[in-house]
Amino acid sequence: MPNQRLFKFINIFSYIFLLLNALVVPLFFDKNLTNFYIIPKQYVFMAIVLVNLLLFAAKIVLSKKLSYRHSILDWPILAVLFTSLISSIFSTNIYDSFFGRTEFFVMNFIFLAFLALFYFLIVNVADTPARWRGVVDTLIISGGLAALLFILKTVFNFDLLAKLSVSVWNTVDQINSPFGLFMIVIFMLSAGQLLKKSLGVGRSLAYFFVVILAFVCLTLLSFKLLWWVLLAGLILLLLIGVSFVLEARMGWISTLFAVLILVAVFIVFGTPKSLQSAVPVEIALGVRPSWSITSDVILSNAKNFLVGSGFGTFGVDFSKFRTADFNNDQFAWSLRFNQPFSSLLALLAEGGLATFLVFIFLCLFALGHALNSWFRLRLSGTVENIINELGLSQNNARLDVFLVVAAWIVLTIGLGATLYGPVLWWLWWLMLGLVVSGLAFFSQNVVRHKEWEVEDTPQYSLSFSFVLIVVMAAVIMAGVWGVQQYMAETAYAQALRATDFKVAENKLSDSLAKRQSSDLYHAALAQVFLLEAIDASRKTKPDVTAVSNLVAQAVNEAKIATDLSPKSVALWENLSTMYENAAALVPDARSWAVKSLNQASELEPSNPVLFWRLGNNYSLAGNWADAIKSYQKAIDLKKDYVGAYLGLAGAYEQNKEMDKAVEVYKTVLPAGISNPEFLFNFGRLLYNRNGKNDRDDSEKLWQEAARLQPNYSNAIYSLGLLYEARGDKATALQYYYKVKDLNPENKDVVEKIRNLVGAAPKE
């Protein structure tokens, strides 16, 4: 008897934690972390799943039997996990493939495994119409709250979340397009409920309120892609409504049709500006470069073709396969992208053809069974094995299920249209579990119950207990490990917010004690040591030894980061920065900076910035020939790279090739015509060359620079020098006096004035 009560208690709590998962994940974030979304959402999701697994294990202990429901999708899901595991094992970055990143989201094997476990829990816990419906309603409630918070901020400028010391646009994702897709799912689930005639007034009002909130959110966002996806969702809703026309509200079907027309108008003519909000502009890798890089990855070698480069490695692939054409993009050319524009392309590039095809098979297999159930029910006109614990009609029960099927289909379409964060992937697997569990109410072929009872012998009991203890220990250890990782990220966030270098150093040391293999933490610690060194060097009497030690520590931490992730261009750039700052103390540091940048350029050969930096380092080392080659390479990659042109001109000038330097300036003159510094330097070059008409041209350039920036003392002073050289002392004095007004402490200009007037100038 006590065991039965405890068993019932555990069942209730399993269901409660499943509801908690559906409620909390879209809303949860942690202001104490650097990334409010990625780590908190993943970890709270995995923590709840672990609790559910412990409860499941407790049920096994109490009943002394393994009782579970297995679905038609178990084998396809296991196949996805298997190919993903192989891909992660042979990844170019095994750590990222298994555990992901903390600063941005990438799919990783651990998270995928938890999503599969989550699916298993849904099928086993949401095993009655009442529980199934409870999960759906909880998800709608969560979506309604997320929509309300977004509207309060964007429309009424009431940032409720700011009271928690954090200001975010939405609670679902870092960017707003995934939030929009989430709203489409919530819209479909809520609007679909309103199709039912038997719905009470209270529930009708609640669902209608959520529908309005979700549509307002989509209108405020006004992303054309979201309108297209919503259009597909509305078509599916209307098909469902027409199919259940005898049980559906005809007035609401007409309303949904009107909304469809409105969405079509928004797609064709655009959403009225007055209805849009000033949400941040989103920058993502374009369709063409995404596909180009993805195809280059899978065709590069046999391993990548089969199992991809590994989860979380698209950033490395982007660096390797980005073309020079990418530098023509005015806005994105200097950016690195860690993901393509869609999750399906990410799956193909990182998981290879094997993972991609198995996942597509999973989707088609689930869709096929849903359609099969649909046609069987339509043809038979009856519903077998339906359970009416909710007090709904048979038609309403099946309508509920196919509404979820429709929402899942739309969410699957979205996989090819945009990039999914942790919440959308979580939602996809949640909806998949609800689809399968819901279809089981109509067909015995979708989900089957299995039960394995432990034989009442000491041998079997001992073996069973041992396996169960190992499983429970693994679950507990996973929980402890997760807590440690979360604490490491918390300490890292505290380090970044610290105003004291020592505090930051100590917090990063705490982070590394818990996660030694994090390249991010080592790179951050390198930056802290460097800042400490710079601060120490600015003292009146700096301790040279202490400064040198800090620089050495910075270099060492940056090297560790590159050792952990040797294919990360950003980390090699970071290491080169450390060496550049060490150059004043260590004679060979400049050469090591060059080696680091050369390594970075090998990993990202089409990035002109790397060659520009190489040119700068060669210039500082007085290696003008290599500097010229590097700057020219940067220009070859990006024809309008003004910084590289200026560097090239400077290198030519220092190499006594004045004519070539002038030609470089003439080439880039249209781009620099409104830049006072550019005009000044061009004028200085012409003045020093002193060819025919050069000084007249330099005068014009300096005059224009002074016109653009009236307080530009360098240009004004140079004009004074020019007129003094011409013998026009009066005009020269005018310019010198202007410089003196701008810089009263300038001893050179005071001396110039004194020499020209023959006495100290009057104040």
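The values are calculated or read from the model by the stated rules, or taken from the named source; none is laboratory data. In this text, all values refer to a predicted model and were calculated from it rather than measured experimentally. Virtual Cβ from ideal backbone geometry, glycine too; neighbours counted across all protein chains shown.
Scanning the range 1-57 for residues being within 19 Å of the chain's Cα centre (by Cα), in a helix (DSSP H, G or I) and not β-branched (Val, Ile, Thr) gives a total of 5.
Residue-by-condition table, conditions (1) at pLDDT 85 or above; (2) of a type in the set (D, E, K, R):
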{"site": "Glu699", "(1), (2)": "yes, yes"}
{"site": "Gln703", "(1), (2)": "yes, no"}
{"site": "Ile716", "(1), (2)": "yes, no"}
{"site": "Leu722", "(1), (2)": "yes, no"}
{"site": "Arg726", "(1), (2)": "yes, yes"}
{"site": "Glu745", "(1), (2)": "no, yes"}
{"site": "Lys752", "(1), (2)": "no, yes"}
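Checked against the criterion of being free of Cβ contacts under 8 Å to residues at least 24 places away in the same chain and at negative phi, the candidates Phe326, Phe269 yield just one match: Phe269. Inclusion of Ala206 among residues that are assigned by TED's automatic domain parsing to the domain that holds Val136, at pLDDT 85 or above and either assigned to a loop (DSSP other than H, G, I, E, B) or farther than 21 Å from Phe105 by Cβ (or both) is warranted. Looking for something at negative phi, surrounded by fewer than 22 Cβ atoms within 10 Å (Cβ to Cβ), part of a helix (DSSP H, G or I) and free of Cβ contacts under 8 Å to residues at least 24 places away in the same chain - is there at least one such residue anywhere in the range 218-234? No, the range 218-234 has no match at all.
Which condition does Leu237 not pass, out of (1) within 30 Å of Glu350 (Cβ to Cβ); (2) crowded, with 19+ Cβ neighbours inside 10 Å, if it passes all the others? Against the list (1) within 30 Å of Glu350 (Cβ to Cβ); (2) crowded, with 19+ Cβ neighbours inside 10 Å, Leu237 comes up short only on (1). Report yes if some residue within the range 532-543 is of a type outside the set (S, T, N, Q), part of a loop (DSSP other than H, G, I, E, B) and in contact with a helix residue (DSSP H, G or I) (Cβ under 7 Å, 6 or more places away or on another chain); otherwise report no. Within the range 532-543 (the criterion being of a type outside the set (S, T, N, Q), part of a loop (DSSP other than H, G, I, E, B) and in contact with a helix residue (DSSP H, G or I) (Cβ under 7 Å, 6 or more places away or on another chain)), the answer is yes, since at least one residue qualifies.
Let's see how each residue does on (1) surrounded by fewer than 20 Cβ atoms within 10 Å (Cβ to Cβ); (2) out of contact with any Ser or Thr (no Cβ under 8 Å at 6 or more places or on another chain); (3) in a helix (DSSP H, G or I); (4) modelled with pLDDT under 90:
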| residue | (1), (2), (3), (4) |
| --- | --- |
| Ala354 | yes, no, yes, no |
| Ala370 | no, yes, yes, yes |
| Leu403 | no, yes, yes, no |
| Trp426 | no, yes, yes, no |
| Val435 | no, yes, yes, no |
| Gly438 | no, yes, yes, no |
| Asn445 | yes, yes, no, yes |
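Applying the criterion of being out of contact with any Pro (no Cβ under 8 Å at 6 or more places or on another chain) and touching a residue at least 24 places away in the same chain (Cβ under 8 Å) to the residues of the range 727-737, the residue that is farthest from Glu704 (Cα to Cα) is Lys729.
Exactly one of (1) surrounded by 21 or more Cβ atoms within 10 Å (Cβ to Cβ); (2) in a loop (DSSP other than H, G, I, E, B) is unmet by Pro605. Its number? Single failed check for Pro605: (1). The criterion of being in contact (Cβ under 8 Å) with a residue 24 or more places away in the chain and more than 15 Å from Arg684 (Cβ to Cβ) holds for Gln709.
Matching residues to (1) surrounded by fewer than 15 Cβ atoms within 10 Å (Cβ to Cβ); (2) over 21 Å from Ser630 (Cβ atoms):
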site	(1), (2)
Gln654	yes, no
Glu657	no, no
Val668	no, no
Gly672	no, no
Arg695	no, yes
Gln709	no, yes
Gly720	no, yes
Ala730	yes, yes
Leu733	no, yes
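Of the residues making up the range 157-175, those that are at pLDDT below 80 and in a loop (DSSP other than H, G, I, E, B) are Asn157, Phe158, Asp159, Ser165, Val166, Ser167, Val168, Trp169.
Examine the range 26-48 for a residue that is touching an Asp or Glu at 6+ places or on another chain (Cβ under 8 Å) and within 21 Å of Arg448 (Cα to Cα), and state whether such a residue exists. So far as the range 26-48 goes, no, none of its residues is touching an Asp or Glu at 6+ places or on another chain (Cβ under 8 Å) and within 21 Å of Arg448 (Cα to Cα).
What number goes with the only condition from (1) part of a helix (DSSP H, G or I); (2) of a type outside the set (S, T, N, Q); (3) more than 22 Å from Asn93 (Cβ to Cβ); (4) without any contact (Cβ under 8 Å) to a residue 60 or more places away in the chain that Ala488 does not pass? It fails just one condition, (3).
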